[in-house]
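Engineer: Got a structure for you, written out below as C-alpha cells; questions coming shortly.
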Amino acid sequence: MQAGQIDILLLVGIIGYTTLIAATPLILAALGGMFSERSGVVNIALEGMMLMGALMGAVGSYFTGNPWIGIFYAIIVGGLMGLIHGLVSVKLKGNQIVSGTGIIIFAAGFTTVMLWVVWGQKGVSDPVIPIPEIVIPPLLGVPILGPMFGSQSPLVYIMFALIPICWFVLYRTSFGLRLRAAGEDPSTLDSAGVNVETVRMIAVILSGCLAGLAGAYLSIGFGSSFSRNMVAGRGFIALAALIFGNWTPFGVLIAGLFFGFLDGLKIAIQVTPALGFLYPFNLWLRMIPYLGVIIALGIIRRSVPPKAIGVPYIKERGV
C-alpha cells in the first residue's frame, strides 16, 4: 500500500514537472500577447516571434558559449519583430491579422534558411549550451514538489515571477492605465494628451520581447538545440490561453497550466513506466492540446476582449 502511494506521488510529481515544461513557453508568450492586445493590437504573430527567439537563442549560445547571451539575442529579435508588427499595424494602419501572418511566414522561411547557413543542416542544429538548471537540494526529496521544483530551468521561475510583475504593471502603474485605455477607449486617452500610437508601439514591442523569451526557452531553456518549426503551433495555443484567461496575468497562468498539462502529458507518457500502456496511443495524444484549445474556446462565455482591439486609431483632425 505504501509503495503504491509512493508511486502515485511520484507520478503526480512527474506530470507536474512535464506540465511546467510545456506551460512555461505558453505563459510567457501569452503574457506578451496580453500587453499587445490590451493596448488594442491583435498579435497572432506570437508563433513567428517565438520561432525567431528560439533560433537566436540557439545562435547566441552556439557562437558565444553563453546561453544567457542567447536569451538576450532572443529578447532583442522578438522585440524587433514586435517593432515591425507595430509599424505596420499602428503607424501604417495596416491590417493586423495580415501583418501577423506575414511575420509567421517570414519567420518560418528565415529560420529554415539560417539553420542551413549556420549549421549546414536542414532539420536540427548542432547541440548548443543550454541554460543550467537551478537545483534546490532541500526540495529534491519532497513528494510532488521535488520533481516539480527541485531541479528546473531558471526561466520557469522567471515565468512565475513575471505573473505578479505584469499584474502590477498593468493595474498599478500609469503606463498600465494608459495601455488599458488605449485598448478600451483610445480617443479619451488621446484627449488627455497621451499619444495612443506610442503606447501601442511600446506594448507590441514588449509583446515581442516576451514571445522571443518564450521561444528561447524551447531551444536553450528546456532543450539544447534548434530544430525547424520547433514552436509547432505553441504560439496559437498561447493565444488561446490568452483568450481563455480573459486577457489577465493570473488568468493566463491558469489557462497556460491547463494547456501545459494537456501538452505535457505526452512527455510524461514517454518517461514514466506507469503510463507505458498509453505509449501506443502517443501519436493520437499529441492532438490533445489542440483539441483542448477548440473545446475550451467553444465553452468560453465570460471572456470579453478590449473594445478597441483590432481597430487602428486614427486621430481626428483638429484634435
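Engineer: Over the Cα atoms of the chain, compute the convex hull volume and normalise it per residue, giving Å³.
Structural biologist: Cα convex hull per residue, to the nearest whole number: 144 Å³.
Engineer: Sort R228, R38 so that the residue with the fewest other Cβ atoms within 10 Å of its own Cβ comes first and the one with the most comes last.
Structural biologist: The order, fewest Cβ neighbours first, is R228, R38.
Engineer: Which order do the peptides 239-251, 103-115 come out in when sorted by mean C-beta neighbours inside 10 angstrom, highest first?
Structural biologist: Order by mean packing, descending: 239-251, 103-115.
Engineer: Using the Kyte-Doolittle scale, which helices in the chain average at least 0.5 and also have C-alpha atoms spread 27 Å or more along the helix axis, with helices defined as whole DSSP H runs?
Structural biologist: Counting only whole DSSP H runs, the qualifying helices are 2-38, 67-86, 96-119, 196-216, 249-271.
Engineer: Follow-up question, since we're still on this one. By its C-alpha gyration tensor, with a ≥ b ≥ c as the square roots of the eigenvalues, how is the range 39-105 shaped: rounded for a/c under 1.5, else prolate for a/b larger than b/c, else oblate?
Structural biologist: Prolate, since a/c reaches 1.5 and a/b exceeds b/c.
Engineer: Shifting gears a bit: Among D190, D263, D126, which comes first, then next, by fewest other beta-carbon atoms within 10 Å?
Structural biologist: Exposure proxy ranking, most exposed first: D126, D190, D263.
Engineer: In whole angstrom, how long is each semi-axis of the equivalent ellipsoid of the range 5-89, when you take the square root of 5 times every eigenvalue of its Cα gyration tensor and sort them from largest down?
Structural biologist: Gyration-tensor ellipsoid for the range 5-89: 30, 20, 8 Å.
Engineer: Just the Cα atoms of the range 177-229: what Rg and Dmax do they give in Å?
Structural biologist: Rg and Dmax of the range 177-229, Cα atoms, are 16.8, 50 Å.
Engineer: Can you give the relative contact order of the chain as a percent, counting alpha carbon pairs under 8 Å and 6+ residues apart?
Structural biologist: Over the chain, the number comes to 35 percent.
Engineer: Please arrange E133, E47, E197 by counting, for each residue, the other beta carbons lying within 10 Å of its beta carbon, fewest first.
Structural biologist: Placing the least packed residue first, the sequence is E133, E197, E47.
Engineer: State the Kirkwood hydrodynamic radius of the range 76-217 in Å, one decimal place, computed from all pairs of distinct Cα atoms.
Structural biologist: 18.3
Engineer: Name the residue from T111, I314, M56 whose Cα lies farthest towards the positive end of the charge dipole of the chain, charges +1 on Cβ of Lys and Arg and -1 on Cβ of Asp and Glu.
Structural biologist: Projecting each Cα onto the dipole axis, the largest value belongs to I314.
Engineer: Next question, about the same structure. Extent of the range 40-152 along each principal axis, from alpha carbon coordinates, in Å, largest to smallest?
Structural biologist: 55, 38, 22
A short reminder: the numbers here are calculations on the coordinates, not readings from a lab. Keep in mind that what you see is a predicted model, and the values were worked out from it rather than measured. We place every Cβ from the backbone using ideal geometry, glycine too, and count neighbours over all the protein chains shown.
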